[in-house]
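Inspection log for the structure reproduced underneath, given as structure tokens.
Coordinate-derived values only; no laboratory data. The shown structure was predicted, so the numbers you read here are calculated from the model rather than taken from an experiment. Cβ placement follows ideal geometry from the backbone for every residue including glycine, while neighbour counts extend to all protein chains displayed.
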Amino acid sequence: MRCIQRGIGYLVTIFLIFVVGATVLNSEDDVRTMRDESRSDDTSRTSYFLLPYALYSSFFPMSEEYQIPEEKKVEGLIRRAEGYEREKNYEQAVKYYFLAAKRATGSAASPYIRYKGCALEANGPSAILCLTQLIQEHPDFPLINGVRYELARRAFMMGDFDTALPVLAEIVESEADEITFTPYVYTFMGIIHHRKGEEEEALRNFERSIGLHRSVDGGSGERFMQNYIETAKSLIDMEEYAQAEYLLVRIYGTAASADFQSESLFLLARLYGLNGSGALSASALYTIVQDYPFSPFAPAARNELGDIEKADVLRISPVNDPSLLNGSYVYASETPVLEGFGVQIGSFSSGKNADGLVQKLKNEGLPALSVQSSHEDKNIFRVYIGFFPSRSEADDMKKKLKSIGYDGFVVHVD
């Protein structure tokens with residue numbers, strides 16, 4: 001197999017472009033593509049950079065619902081700007097929106113027109129300057145937090161995290177009494193801290209987002225799942241592989257969205273690659289190719305797998321966990337809770353010997369783990385393969401182990 005880990009690192013960047021837009025855009029075409037995509041009526045997942053479509057349509061000038069207050073003296077200029085916008089001649093559209101905003105100075109329409117021009121501006125630094133000035137000159141603009149969010153998004157896309165974070169913090173501070181953006185802002189801030197390598201702060205922000213979604217609006221599985229996916233990324237980079245794996249198999253088994261299911265598999269592939277379990281990494285990629293052929297991950301997964309045969313891979317077992325859907329999942333325990341059916345294939349008095357067998361099994365692509373217990377003041381280290389949701393899956397694994405020279409027996413853990 002070719003270098004799975006290298007391909008996975010590349011595809012993580014690609015996924016961010018597809019789903020969150022979390023990358024540095026280097027051309028006007030990149031910005032315009034994102035602008036055109038933001039017009040989609042898709043209400044699932046991240047309709048506009050983590051925000052649900054209802055919020056996007058209320059606060060952002062790229063939505064079809066955006067309304068500029070009537071101002072007769074600039075009607076002609078706005079019509080020309082809208083005409084150029086329909087033709088996707090954004091450079092001319094921006095020019096006429098700015099002319100209209102200048103002529104409408106002092107009117108209620110002026111900041112709305114200017115906001116439209118700022119949002120359509122393809123040049124990143126120019127857009128950031130425009131949005132910054134709009135915030136400074138119109139602090140009471142009804143859509144001010146939309147302007148702040150757009151400014152943070154543009155700064156983030158340019159890799160300017162130190163500009164994005166304080167602007168997002170301003171949104172949180174302004175919503176002390178009435179929360180609208182804040183749960184999504186915390187997710188955004190967590191992603192930025194993750195990109196900066198500040199994983200503990202990233203995790204705190206994801207937790208804040210989950211807590212607010214749960215307390216303010218009851219939340220939804222999709223909103224919680226986004227934060228859990230981001231949490232898993234931070235856990236992987238912290239080398240908390242057991243916690244990350246425990247969470248990801250549950251996202252895979254619980255998420256309703258195929259995007260989240262395929263992303264969880266993709267992150268599992270990365271995790272297993274980093275952890276030395278090449279066969280399991282290949283198995284996760286193979287599942288993406290077979291079950292999610294239209295996923296943005298599928299082409300790279302297919303390329304990394306090459307000619308590997310189905311018989312050479314193991315099944316990644318999903319686990320359904322309702323706590324992910326109501327925001328009550330707790331990821332921070334040092335040792336994941338064991339549940340379901342496993343195959344015990346060893347028992348040792350020495351933890352070193354147990355760990356040696358676990359690593360040997362993992363190198364063969366088997367989901368092995370060691371569990372410590374005590375009996376009559378003596379430590380016992382049991383080695384398991386699993387765990388699986390059903391006995392039949394554990395029985396199948398027992399047969400597979402027998403065929404490659406390992407004897408074991410099925411155990412059930414509640």
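Structure shown: which of K360/K402; K362/K399; K233/K362; K73/K95; K352/K400 lie over 19 Å apart, alpha-carbon to alpha-carbon?
Those over the limit are K233/K362; K352/K400.
Arranged from fewest to most other beta-carbon atoms within 10 Å of their beta carbon, K400, K116, K72 become K72, K400, K116.
Summing +1 for each Lys or Arg and -1 for each Asp or Glu, what net charge is found among the other residues whose Cβ lies under 13 Å from the Cβ of E207? Combined, the nearby Lys, Arg, Asp and Glu give -1. The residues R86, R154, R208, when put in order of fewest to most other Cβ atoms within 10 Å, stand as R86, R208, R154.
Per-residue Cβ neighbour counts within 10 Å put T163, T231, T105 in the sequence T105, T163, T231, beginning with the fewest. Find out how many positive minus negative residues lie around G190, taking Lys and Arg as positive, Asp and Glu as negative, among other residues whose Cβ is under 12 Å from that of G190. Around G190, the surrounding residues sum to -1.
Taking Cβ atoms as reference points and 14 Å as the exclusive limit, the residues near F348 contribute a net charge of +3, counting Lys and Arg as +1 and Asp and Glu as -1.
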